[in-house]
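Colleague: Below is a structure I'd like to ask you about.
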Amino acid sequence: MSHFLRRQRYLIDFTLASLGRRKGKNLGLLGVYTLIVFLLASVMLFSQSLRREAGLLLENAPEVVVQRMVAGRHDLIPAAYLERIGKVRGVAAKYGRLWGYFYDPAVQANYTLLVPRDQEIKSGEMIVGAGIARTRGLGAGDYLTFRSAQGQSFAFRVADVLASDAELVSADLLLVNEADYRAFFGIAEGMYTDLALEVRNPQEVRKVAEKLSVMLPDTRPILREEILRTYDALFQWRQGIVFVLLAGSLLAFVIFAWDKASGLSAEEKREIGILKAIGWETADVIRMKFWEGALVSLGAFLLGYLAAYVHVFFFDAALFAPVLKGWAVLYPQFRPQPFVDGLQVATLFFFTVFPYTVATVVPIWRAATTDPDAVMR
Amino acid sequence: MHGSSANARPHRPGRAGTVPLLLLGAGLLLFTVTLLDAAWRGNDTALASSRQLVARLGLTDLALFTEARYTRHLSQADRHTAFQDHPLALDHFPSGSLVPPPARLRQP
Amino acid sequence: MIRLNDISKAFNQGQPNEFWAVRDVTLDIEDNRITVLRGPSGSGKTTLLSMIGCLSRPTSGRILLGERNLSGLPERFLTQIRRETFGFIFQRFNLIAGLTVLDNVMLPAYPLAPDHGALVQRATALLEQFGMGSKVASKVEWLSGGEAQRTAICRALLNDPQILIADEPTANLDTRLSQEFMTIIGELKAAGRTLILTSHDPVVSDAPCVDRVITLRDGQVQAD
C-alpha cells in the first residue's frame, strides 16, 4: 500500500472510531439519510422505467388517429370519412376503430371495450384483460352480465384471458366482436369511434396530418409522436409532484444534517486542538473530517439506492405504485423493467453526497486553523 | 484475552475502518451489479408480448390510470374532459391532483 | 540545545485588553537535562512552554532549536518539527475519550502513516514498558489518574521525540503518583532525552533528578 493510501486509511480509522462513540445517534442519522435517498431513488427509478416502457410500447401505436369533434367534444365518426380521405399520399392503410368505456358498478371500475381488427370473436363471447379477470375472479368459461345502453342484460362468456405479462397495456381491456359492440352500446352501423391511419414513412406523417385538417375540418388528428410526448411529459410531471412532496422532508433533513455536521461542539474543538498539538497538520484534520462526511453520505447513497433498486425492480415499487398509478380500481400488475439512466443516478449521487460532505468539511476549516496551543490554556 | 502472557504475539485489535470499508466495498460492488443487471435485462424482450398487443389492437395508451377516460386514454383526451366520467375521478392536471372534486359529485 | 532570545508574547495585541504573558525572556535549555519552569498561575510558564514546543509563536524574539531558527518557519514546518522533535504531556492528559488506550497512543503516528502492524507493535511495547499491557484495549475514560498519565506519556513517546514537554503533569495526581511520575521522568533522562516541565508542585521542583529550576513571575525570569 502506498504511503498516501495508508495515511487515508489511518484517517478513516480515526473518523470511524470517533463516529462509533455515538453509535445510536450516528446510525439514526444514517438511517434517516438512507430513507431519503431511498425515496428519491425509488421515484426516480420507477418513473424512468415507466417512461422508457411507455416509449417502447407505444412505438407500435397507430401513426395517426383521426377524431371527430362536435361542439368541442369527441364524437363518433361516420365511415364515409374513410372514403373522403380517399387516397392521401403516404397512407398505407386506414380503418375505423371501435372502442369505448363501460363503468361496472359492481366493482366501481372502468373497462375499455374494444373490437379487435383481425381476430374473430364469437357472438356472446369476450376476451378479458388480466386485470379484469383478477378483479372479478374470472376464468375461461365464466359468464359476466352487463346492462346495455338500452337497459337490456347482455351475458358474455369469457373465451380467453389476455396474457398477464401484457397487463400494462391491457389490464382493463374487454374484447368483443363488432356486432355485439354495436348492439351493446347502440351504435349504428357505419359509425366508428375514431379512424386510424398507418403511415409508413415517418417523414410524411406531418404532411398527412396537414392534408387531413384541410380535408376534414371537423376532425383533429392525433399523431403517434404526440402520444409519445404526452407520456414522456406525464412521468416527468408525476415525478416532479412526488419530488415536491418530498421537498418538505428533504428540507427538514438538510437542516438536521447541517446542524449535525456543522455544529462543532466544544468537545470536538478540543479534540482538534489535541490532534494538532500531537503533530497532526491542519490538512490532516480537514481530510479526516472529509472522510467522515464522504463515508456517511456515500454509505447512505449506496444503501438507499440499492434498497430502491430492489424495491422497484424486484418488489414492483409496492410502496408508492398506488400513488403513481392514480386512483384507479383496476391496477395493472406488472414488473418494471430495469431501465437505469446513468445521468439521473449521477445527479442523485451528486445531490445526496456532495452537500453533506461540504457541510461537514466547511465548519471544520475555521476550527482546524486555530492555534494548537489552545489546548494548553 | 490480551497481555495475558509475555510470549503472546502483540495484540492486534480490529481496526475501526475494516468492517465499514468492507461493507462500503460490498455496496459499491452491488451498485455495479445493478448497473450490469440494468444493462442486461433492461431491454424490450420482456415487453415483446405487450408490444405485439399494441400493434395488433392499435392501442394508444397505457392502462395505468383506469379511473376516467381522460386518464385511461390520456393521449386521446382533450382539455375539457375532466369531471365527466367517474364521480370520484381526480384530475390529472396539477390543480386537479391537489383539489378534490366538488362535493356534490362525491355523493353516490 | 534550545535558545530563547528576548522572547515576548502578547495576547490581544493592539486592543484595550492587551496583555503581555511573557516579557523579554532569554534562556538556554541544555540537552539531556530536566528543566522545571516554576511560578504561580499566570506567571507565563505555560505560554513559554507552548512557544518552546512550537505550539505557538513569540510576538518578538527568536527561538533557536540547535542551529535552526524556529521563529520564521511556516506552520507546516512547525508541525513537522513538533511531530519529530517534541512529545507533549498535557495538564489534563488530553486523551481522546471514547477511543481505546492503544488508539490514543498511536494517534501521533497517523499522519506519518507507518505500517499498521509495526505501529501496533511499537505502541504495545511502549505500553507494556509502562505497565499498561493489560489496559491496551480499555477505553481511556475507564482509566485511573495514574493510568491516564502513563498513557499520555506513552503517546508523547511514540514518535521517539528528543524533547519531552510536560505542562503541570502532577496537577491531577496524588503525592505517591507524583513521585512515581518523577521516577519515570528520571528514567527518561537517563535514556538520553531532554525534559522541560512546568509546575508549582514542590514534588516536581524538589525531585533529585531535576537539573535546573527556573522561576517565573509576571512573565519574567526571576532567578535560577
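Colleague: Starting from the eigenvalues of the Cα gyration tensor, five times each then square-rooted, give me the equivalent ellipsoid semi-axes of segment C:1-153, largest first, whole Å. All intermediate terms of the calculation are to be shown ahead of the outcome.
Modeller: Details: eigenvalues 216, 67, 45 Å².
Gyration-tensor ellipsoid for segment C:1-153: 33, 18, 15 Å.
Colleague: Follow-up question, since we're still on this one. Given a Förster distance of 22 angstrom, what is the FRET efficiency for A:Arg21 paired with A:Ala247, based on the Cβ-Cβ distance and rounded to 0.05? Could the numbers behind the result be given before it?
Modeller: Working: r = 33 Å, r/R0 = 1.51.
About 0.10, to the nearest 0.05.
Colleague: Would you mind checking the tilt of helix A:266-277 against the longest principal axis of the Cα atoms of chain A, expressed as 0 to 90 degrees and rounded to 10?
Modeller: Long axis of A:266-277 versus the principal axis of chain A: about 60 degrees.
Colleague: Please state the relative contact order of segment C:1-102 as a whole percent: Cα pairs under 8 Å, 6+ residues apart? Walk me through the numbers on the way to the answer.
Modeller: Numbers: 125 pairs, mean separation 28.6, N = 102.
28 percent.
Colleague: Once you've got the Cα coordinates, tell me which of A:Lys87/A:Lys211; A:Lys94/A:Lys211; A:Lys23/A:Lys289; C:Lys45/C:Lys139; A:Lys87/A:Lys207 are over 23 Å apart. Walk me through the numbers on the way to the answer.
Modeller: Working: A:Lys87/A:Lys211 11 Å; A:Lys94/A:Lys211 15 Å; A:Lys23/A:Lys289 17 Å; C:Lys45/C:Lys139 32 Å; A:Lys87/A:Lys207 13 Å.
Correct reply: C:Lys45/C:Lys139.
Colleague: Which of the aspartates and glutamates could a cross-linker bridge to A:Lys122, judged by Cα under 17 Å and excluding same-chain residues fewer than eight apart?
Modeller: List returned: A:Asp142, A:Asp160, A:Glu178, A:Asp180.
Colleague: Turning to a different aspect of this structure: I need two numbers for the protein assembly as shown: Rg to one decimal and Dmax as a whole number, Cα atoms only, in Å.
Modeller: My reading of the Cα-based Rg and Dmax gives 39.9, 124 Å.
Colleague: Evaluate peptide A:222-234: per residue, the Cβ atoms of other protein chains within 10 Å of its Cβ; return the mean as an integer.
Modeller: 3
Colleague: Let me ask something else about it. To the nearest 20 debye, what charge dipole does chain A have about its Cα centre, counting +1 at the Cβ of each Lys and Arg and -1 at the Cβ of each Asp and Glu?
Modeller: Charge dipole of chain A: 980 debye, to the nearest 20.
Colleague: Starting from the 7 Å offset along Cα-to-Cβ, what nm value, one decimal, do you get for the label separation of C:Thr59 and A:Trp365?
Modeller: The two pseudo-label positions are separated by 3.0 nm.
Colleague: Starting with the fewest neighbours, write out C:Ile165, A:Ile12, C:Ile184, A:Ile121 ranked by other beta-carbon atoms found within 10 Å of each beta-carbon.
Modeller: Going from least to most buried by this count: C:Ile184, A:Ile121, A:Ile12, C:Ile165.
Colleague: Relative contact order of segment A:63-222: what whole-number percent is it, with Cα pairs under 8 angstrom and at least 6 residues apart? Walk me through the numbers before you get to the answer.
Modeller: Numbers: 298 pairs, mean separation 63.4, N = 160.
In percent, rounded to a whole number, it is 40.
Colleague: Around A:Leu168, with a cut-off of 10 angstrom between Cβ atoms, what is the net charge of the other residues, counting Lys and Arg +1 and Asp and Glu -1?
Modeller: On the way: positive: A:Arg335; negative: A:Glu53, A:Asp165, A:Glu167.
Around A:Leu168, the surrounding residues sum to -2.
Colleague: Would you work out the relative contact order for segment A:1-146, in percent, from Cα pairs under 8 angstrom that are 6 or more residues apart?
Modeller: About 8 percent, as a whole number.
Colleague: Would you mind finding the longest exposed-site-free stretch of chain C, with exposed GluC sites (Glu not before Pro) meaning DSSP loop and at most 10 other Cβ atoms within 10 Å?
Modeller: C:68-224
Colleague: How do A:Tyr181, A:Tyr10 rank when sorted from fewest to most other Cβ atoms within 10 Å of their own Cβ?
Modeller: A:Tyr181, A:Tyr10
Colleague: Taking other Cβ within 10 Å of each residue's Cβ, how do A:Val329, A:Val353 sort, fewest first?
Modeller: Going from sparsest to densest Cβ surroundings: A:Val329, A:Val353.
Colleague: Report the rotationally averaged projected area of chain A based on its alpha-carbon convex hull, in square nanometres.
Modeller: Hull-based average projected area comes out at 27.0 nm².
Colleague: Something else about it: 7 Å from Cα along Cα→Cβ at both C:Asn32 and C:Gln220: what's the point-to-point distance in nm?
Modeller: A separation of 3.6 nm, rounded to one decimal place.
Colleague: Can you figure out the FRET efficiency of A:Ala155 with A:Val107, using R₀ = 25 Å and their beta-carbon distance, to the nearest 0.05?
Modeller: For A:Ala155 and A:Val107, the calculated efficiency is 0.90.
Laboratory data are not the source of any read-out in this text; all were calculated from the coordinates shown. This one's a predicted model, so the numbers in the text were calculated from it and none came from an experiment. When we count neighbours, we look across all protein chains shown, and the Cβ atoms used for this are built from the backbone with ideal geometry, even at glycine.
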